[in-house]
Amino acid sequence: MKPETLFYIIIAILIVSFIIDQVLDYLNAKYFNDTLPAELQNVFDEEEYKKSQAYKKERYKFGILTSAISLIATLLFFFFDGFAFVDELARSVSNHEIIIALVFFGIIMIASDILSTPFSYYSTFVIEEKYGFNKTARKTFFLDKLKGWLMGAVIGGVLLGAIIWFYETTGKNFWLYAWGIITVFTVLMNLFYARFILPLFNKQTPLEDGSLRSQIETYASKVGFTLDKIFVIDGSKRSTKANAYFSGFGSEKRVTLYDTLINDLNEEEIVAVLAHEVGHYKRNHIIITLFAAIVTTGFTLWLLSLFIGNPLMSEALHVSKPSFHIGLIAFGVLYSPISGITGLLMNYLSRKFEYQADNYAKNTYAAPPLISGLKKLTKNSLSDLTPHPFYVFAHYSHPTLLQRFRNLRK
Ligand SMILES: [Zn+2]
């Protein structure tokens, strides 16, 4: 294959995936004004429903704008040999392959983050603000960015540095070592994210004694579940949108409730949401999802090992000296159709798990408070009640409210 052919394959993948996304978004937008199913008539009142329609439309238009600009910027970068330019820049800093790669990705990441900052700023302080969701102070917004950069630099730097080092010392077998280190890292993140990373961004406090805590404990002991780690985080620091999730396993397992959830839902509804989370744990969803992620990573790295040594990958991007980091960029785009498919599979699995967790909550606690809790959450985040089925299939990690409602009513 000629380098030019590979170059145009890469460009074609970028354009086709943009078109697929736009078509899905467009189909979904055509359903915005659909009549509401009878079961969901009472989620919004007239005025709130109008507001949710306006919110969806505004998000949709903003989505078209950002993805179009992002595609144009990416294509310009490819056509004007941006990667060759940054590669040269990085090579002027050092002769060491690992340092070059770290500088290379550092420049690319920071540049793309700076370009996307005006858009995320507009999204938070104009759109979310207008609909009353935004609670983020400007200081928090920029501090989050800074912390994100630092964390990315430390974690990304260590992992990437290790992987390139494996590549240089073990050659083709590097993917096995890389898989090992990423697996260890993933498991550690699963276990300790809430303990070490989350506190950098949020304040978390143990749920205080009181009727909510005792209701949760009564439920937990009824289903034979030791749950001593129940934390409340200050989600209200950033947004009015509410959430709750389960993380970790073994003695590190814990439930995290947003303070916004505690404000919006009554105690019965919170216990029902928690019962759903316990269902995820009891049905081993956390372990299965983690295992699936590890297998996918192994597969990706193995494929990478077949391509990375080929000078064609660098030549396609008009870089004369082949290197791991340039190969990684080309591979990243070439792999995206496959990751699109594994993403669909993971979403499908995740939706299955949501039904199972809902059923668990229904069987061990009760369906009505879960239904009313979900309705409140939907209402307060102005969520879409009538998404297009294709859009749900491609993007939804949870079934729609209607699907969950019907399943819980069965
Ligand atoms: Zn769930």
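List of remarks:
- Ordered by solvent-accessible area of protein heavy atoms (1.4 Å probe), largest first, the residues R404, R91 come out as R91, R404.
- Between V23 and S70, the contour length at 0.36 nm per residue exceeds the alpha carbon distance by 15.3 nm.
- Under the span-like rule (Cα at least 30 Å along the axis, Kyte-Doolittle mean at least 1.0), DSSP H helices of the chain: 3-30, 97-122, 285-307
- Residue separation of E97 and Y348 scaled by 0.36 nm, minus their Cα-Cα distance, works out to 86.3 nm of gained length.
- Partner lysines for K376 [C-alpha distance under 18 Å; skip if fewer than 8 residues away on the same chain]: K50, K51, K56, K241, K362
- Most to least accessible of D264, D228 (protein chains only, probe 1.4 Å): D228, D264
- Diffusion coefficient (Stokes-Einstein, Kirkwood radius over C-alpha pairs, 20 °C, 1.002 mPa s) for the chain: 90 µm²/s, rounded to a whole number.
- Separation of segment 356-410 from segment 140-172 is 37 Å, based on Cα centroids.
- Förster radius 25 Å - calculated FRET efficiency between E39 and F225, Cβ distance, rounded to 0.05: 0.20
- Segment 278-367 - percent of accessible surface contributed by carbon and sulfur, probe 1.4 Å: 69 percent
- Protein accessible area in segment 27-104, 1.4 Å probe - carbon and sulfur %: 63 percent
- Stretchable slack from L115 to Y49, in nm (0.36 nm times residue separation minus alpha-carbon distance): 20.4 nm
- Inter-label distance for T297 and K145, nm, one decimal - labels placed 7 Å from Cα along Cα-to-Cβ: 3.0 nm
- In the context of the full set of protein chains, the chain has a per residue accessible area of 51 Å² (1.4 Å probe).
The values are calculated or read from the model by the stated rules, or taken from the named source; none is laboratory data. On a predicted model such as this, the values are computed, not experimentally measured, just so you know. Positions of Cβ are backbone-derived with ideal geometry, glycine not excepted, and every protein chain shown enters the neighbour counts. The accessibility values were calculated without ligands, DNA or RNA, using every heavy atom of the protein model including side chains. Shrake-Rupley method; radii C 1.70, N 1.55, O 1.52, S 1.80 Å.
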